[in-house]
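Right, one structure below, let's go through it.
The values are calculated or read from the model by the stated rules, or taken from the named source; none is laboratory data. Just so it is clear, the model here is predicted, and its values are computed rather than measured. Counting neighbours? That spans all protein chains shown, and the Cβs are built from the backbone with ideal geometry, glycine included.
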Amino acid sequence: MVVAERVSGLHRLHLRLTSKGLALSSATLRAIFRATAAKHLAELLRRIPDISGDPLHAFTVNAVIVFGSFVSDKQKLGDIDVAVHLEAKQSTEDEYRRRLDGLLARASLEGRTPSNEVEASCWPRLEVFRDLRRGLRQLRLHELHGLQKLGALIL
């Protein structure tokens, strides 16, 4: 299956998503039963104190809101939508930089590196989301602040 193709006529290599690639990128996971989703949510909540207490993490999780199909009466769900509110632990740029450097060093030891400067600058947030989601494939995490700005959640 070809999921990307080379765009001709350009000096640098540029790829374009094919229709099959687009279909693959929007494919959904198998349905998850409500009881399994509840276990996933319980596991997510169990992880929050560990992540918030980790001295390298630059953010604490201080709010979690479940929305989407989980709040319906459906017994089979496509995914579990969760909005989280992250609050910065540090009060200075130096403290943030120290945590960022520590997280990047830990990731490097695990064989992971940011793919670009933008990802590197967002690494502390991405690591919180990664650690919250680890192994919970049907979990879809969203930043509460971003959803509020879009008008998706009114609190």
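For S115, are the conditions met, namely being within 17 Å of the chain's Cα centre (by Cα) and loosely packed, with under 15 Cβ neighbours inside 10 Å? Yes; evaluated as a whole, the condition is true for this residue.
For the stretch 118-132, the candidate set comprises residues that are in contact with a strand residue (DSSP E or B) (Cβ under 8 Å, 6 or more places away or on another chain) and more than 15 Å from V82 (Cα to Cα); within that set, the residue that is surrounded by the fewest Cβ atoms within 10 Å (Cβ to Cβ) is R125.
Within the stretch 44-54, one or more residues are modelled with pLDDT of 90 or more, assigned to a loop (DSSP other than H, G, I, E, B) and either not hydrophobic (A, V, I, L, M, F, W, C) or not assigned by TED's automatic domain parsing to the domain that holds I80 (or both). Where helices (runs of 4 or more DSSP H) sit wholly within the stretch 61-155, those with at least 1 residues that are at pLDDT 90 or above occupy 93-109, 117-133. Which residues, counting only those in the stretch 56-97, are without any contact (Cβ under 8 Å) to a residue 24 or more places away in the chain and either exposed (fewer than 15 other Cβ atoms within 10 Å of the Cβ) or not assigned by TED's automatic domain parsing to the domain that holds H142 (or both)? Passing the criteria: V71, S72, D73, S91, T92, E93, D94, E95, R97. For R140, indicate whether it is in contact with an Asp or Glu (Cβ under 7 Å, 6 or more places away or on another chain), of a type in the set (D, E, K, R) and touching a residue at least 12 places away in the same chain (Cβ under 8 Å). So R140 fits the description; yes.
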